[in-house]
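Each reported figure results from applying straightforward, stated rules to the coordinates on display, with no laboratory input. Remember, predicted model here, so these are calculated numbers, not experimental data. Every residue, glycine as well, gets a Cβ built from its backbone with ideal geometry; the counts of neighbours run over all protein chains shown.
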Amino acid sequence: MGQVPGDARSSLTLLARAQEGDRAALDSLLARYLPRLRRWAAGRLPRPARDIADTQDLVQETLLQTFQKIDGFEVRGEGALYAYLRQAILNRIRDELRRAKRRPLRAELDPDARADDQSPLEAAIGHEAIQRYERALATLRPDEREAIVARIELGYTYEEIAGLLAKPSANAARMAVERAIIRIARVMREDRA
């Protein structure tokens, strides 16, 4: 394994301390991952489910619930905790969608009101694209998946990605990210057909 970026290394240290019961380490992990995961989750909770739970609240509640069971988490690499938390939020979003579908909508429509947000078709196309991205991401090799998540979702620099993926240089990391993006784009195109 190559050099681990300082952020990932300290996350592993914080995780180990949190699993031993260190409340301050747990608070630090929450402070570190909450903003990233809020950005990642923004817009993923469809509008019909938003009156039940705001996306920001959903992310925070999910992290708190997940961190309560942190002592049983098995560390499998630098990006494992982020991937685990991301999956927990995705599962919670799916739960909220199922709950929203079971609930009848009650609203009176104002005939003079103008629509400021997306049409159902626009919302469906956006949701469909996110689903294609998630399916395509799942088909990639772990190193490709890690490269895409690190660059696109976490905003890591190529230098940080080089350390994370044990690449000899930032340029090698950039090329690895570009190859992974080309591969995921191809898979998403095929999924659309």
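Brief remarks follow.
- Computed label-point distance, nm, for sites residue 57 and residue 172 using a 7 Å Cα→Cβ extension: 4.9 nm
- Here the simple spin-label model places points 7 Å from the Cα toward Cβ, and for residue 38 and residue 127 these points are separated by 2.5 nm.
- Listed peptides 26-38, 147-159 appear in the order 147-159, 26-38 once ranked by packing, highest mean of other Cβ atoms within 10 Å at the front.
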